[in-house]
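First up is the structure itself, then whatever we jot down about it.
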Amino acid sequence: MTTEPGSGTPLLPGVVHRLPHAPEPGGNTLGGGCLTLLALLIEIPAVLLIALSLGMRGWAQSARQEMESPGHVGPPPMDWVPVLWLGGFTLAVFVVAGLFLRSGHPFAGSVQLLVGALVLAATIAVGTAEHERAHPAPLPQCPTPAGVPCAPQGPGAPPENDRGSQGSQCRSGGNSDECADSGR
């Protein structure tokens, strides 16, 4: 004979026994809707507060960079604060979704999972934008067409007027019209 876990109550064969903590089929849709509304009413001001604080932080950083001396060379370091704030909020939303699902409110849990997916997408977008800002694409090597920014060649690079295997180097350091092997 089998017994109910945690107690000595015998279970009858062929009878469906419900555990005391299991929700009824169909659940309480009104309770799930109210929990969803309550969670969203808490999350919306939290998102607005995070957006406001990160926006003000970015505004203050841009004003500070304008006032700094132009001696700073290179891109700014990656700013992890927005990624961590949004990541923490995403984690909190997913924890709440798990609690709702575990407590037997599938509608509220599903809505929280959708909100969590949206916030996760925003977190990834902010992280990608910060990474691209801190690690810009390298500039093409000089010379480039007029108006296109370029990076100067490094100290080990051959001079611009070195023709290498195509011929000898220009004697005057000028363009190819002045080279000895230019054909003119």
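When the square roots of the Cα gyration tensor eigenvalues are ordered a ≥ b ≥ c, the ratio a/c for the stretch 84-123 is 1.5 or more and a/b does not exceed b/c, which makes its shape oblate.
Fully extending the segment from Val81 to Ala125 would add 14.5 nm, taking 0.36 nm per residue of separation and subtracting the current Cα-Cα distance. Label sites at Leu54 and Leu101, each approximated as a point 7 angstrom past Cα along Cα to Cβ, lie 2.4 nm apart.
Every number in this text was worked out from the coordinates using simple rules, so none of it is lab data. A quick note: this is a predicted structure, and the numbers were derived from the prediction, not measured. Here Cβ is always computed from backbone atoms with ideal geometry, including for glycine, and neighbour counts include all displayed protein chains.
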